[in-house]
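A.B. asks: I have a structure I would like to understand better, so I am pasting it below and will then ask my questions one at a time.
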Amino acid sequence: MERVTPQYLKKKKEKGERAVLLTAYDYFIARLEDEAGIDVILVGDSYGTTVLGYSSTLPVTMADMLPIVGAVRRGAKRAMVIADMPYMSYQPSTEHAIRNAGRFMRLGVDGVKLEGGIVVKDTVKRLVDIGIPVMGHTGMTPQSYKKFGGYRVRGKKKDEFQELITDAMALEEAGVFSIIVECVPEDVTRRITEEIKVPVYGIGAGKHCDGQILVVTDLIGLSPGPMPKFVKEYAHLQNDITDAINRYMDEVRNGTYPNASHTYF
């Protein structure tokens with residue numbers, strides 16, 4: 001199969017073909033996703049909430065991200081691998097962003113993702129100018145959730161609607177190869193997808209876009225707590241894992257494990 005590149009994704013948009021994106025945080029899951037044919041694997045800073053147990057993505061650091069980015073890259077051969085720039089790895093200055101994006105690029109990723117619109121336009125442009133592909137991210141941007149008063153749908157109000165359109169256009173002008181739109185009404189996504197030429201991928205943004213992305217632990221039923229409205233669980237691994245642990249405990253306690261078939265003689 002053809003290796004996924006920004007040019008490949010743009011052609012899919014032009015043909016009306018939807019791309020499929022997922023997060024991954026380790027070699028094994030990345031390998032499974034890649035072999036299944038996922039187009040883009042995002043090594044998300046959602047690692048903080050899905051694996052490290054943080055209540056938000058804000059505590060995640062470059063030191064947290066670098067090992068998992070390397071592991072995912074080693075697991076994916078065809079898929080495009082994008083590294084999420086964690087909080088304060090790019091906001092302080094363009095030089096800061098270049099330095100940290102470069103650390104990810106040295107691990108072999110195909111690009112980086114930044115949250116924000118006009119506010120990160122100059123940083124995005126500089127990264128693109130020096131050869132680093134950038135994925136944009138607008139709508140509900142988790143690194144700014146305190147600014148928005150919590151995790152909520154954005155774009156219902158007229159001023160927010162226009163702000164999101166303006167942000168998307170600014171990101172396109174800066175040179176992003178694609179944009180993730182998160183937690184917005186589907187008419188906002190439709191408008192953005194129609195207005196700009198680069199692919200637009202939704203998460204909680206309806207069907208009027210060029211593809212979808214989900215957090216893999218949500219998709220496979222490993223995330224604790226109530227799920228956002230947009231999440232569809234395609235498996236329920238929490239139940240399977242809990243059942244396996246309970247059966248293992250029972251067998252150890254009643255002496256049926258290990259039996260002869262699991263013993264060396």
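The values are calculated or read from the model by the stated rules, or taken from the named source; none is laboratory data. Keep in mind the model is a prediction, meaning the values are calculated, not measured. Note: ideal-geometry Cβ built from the backbone for every residue, glycine included; neighbour counts use all protein chains shown.
A.B. asks: Please go through region 205-233 and pick out each residue that is in a loop (DSSP other than H, G, I, E, B) and buried (at least 21 other Cβ atoms within 10 Å of the Cβ).
C.D. replies: A205, C209, D210, V215 - these are the residues of region 205-233 that are in a loop (DSSP other than H, G, I, E, B) and buried (at least 21 other Cβ atoms within 10 Å of the Cβ).
A.B. asks: Can you tell me which of V128, V81, V72, V124 is assigned to a strand (DSSP E or B) and among the hydrophobic types (A, V, I, L, M, F, W, C)?
C.D. replies: One residue alone meets the criteria, V81.
A.B. asks: Do you know which of the residues in region 17-28 that are surrounded by fewer than 21 Cβ atoms within 10 Å (Cβ to Cβ) and under 25 Å from V200 (Cβ atoms) is nearest to the chain's Cα centre (by Cα)? First the steps, then the outcome.
C.D. replies: Initial filter on region 17-28 (surrounded by fewer than 21 Cβ atoms within 10 Å (Cβ to Cβ)): 17-18, 20, 26-28.
When the remaining residues are screened for being under 25 Å from V200 (Cβ atoms), the result is 17-18, 20.
On the way: E17: 20, R18: 16, V20: 11 Å.
Only one residue tops the list, namely V20.
A.B. asks: Only one of T166, T217 is within 25 Å of L58 (Cβ to Cβ), of a type in the set (S, T, N, Q) and in the same structural domain as D122 (by TED's automatic domain parsing); which? Can you show your working first?
C.D. replies: Details: T166 fails: within 25 Å of L58 (Cβ to Cβ).
From the options T166, T217, the qualifying one is T217.
A.B. asks: Could you say which residue among L58, L52, L66, L107 is under 18 Å from the mean Cα position of the chain (by Cα) and in contact (Cβ under 8 Å) with a residue 60 or more places away in the chain?
C.D. replies: None of the other options fit; the residue is L58.
A.B. asks: Also, quick follow-up: Out of all the residues in region 9-30, which are under 23 Å from G70 (Cα atoms) and without any contact (Cβ under 8 Å) to a residue 60 or more places away in the chain?
C.D. replies: D26, Y27, F28, A30
A.B. asks: What pairs come out if I take residues in region 127-153 that are touching a residue at least 40 places away in the same chain (Cβ under 8 Å) and pair them with residues that are loosely packed, with under 15 Cβ neighbours inside 10 Å and among the aromatic types (F, W, Y) whose C-beta lies under 7 Å away, six or more apart or interchain?
C.D. replies: Within 7 Å, the pairs are M140/Y151; Y145/Y151.
A.B. asks: For region 131-165, name all the residues that are in contact with a strand residue (DSSP E or B) (Cβ under 9 Å, 6 or more places away or on another chain), part of a loop (DSSP other than H, G, I, E, B) and not basic (K, R).
C.D. replies: If the condition is that a residue be in contact with a strand residue (DSSP E or B) (Cβ under 9 Å, 6 or more places away or on another chain), part of a loop (DSSP other than H, G, I, E, B) and not basic (K, R), then I132, P133, M140, T141, V153, G155 are the ones that fit.
A.B. asks: Looking at (1) under 18 Å from the mean Cα position of the chain (by Cα); (2) under 22 Å from A170 (Cβ atoms); (3) in a helix (DSSP H, G or I), find the lone condition where E95 falls short.
C.D. replies: (1)
A.B. asks: For region 199-216, check the following and say yes or no: at least one residue is more than 15 Å from the chain's Cα centre (by Cα) and β-branched (V, I, T).
C.D. replies: no
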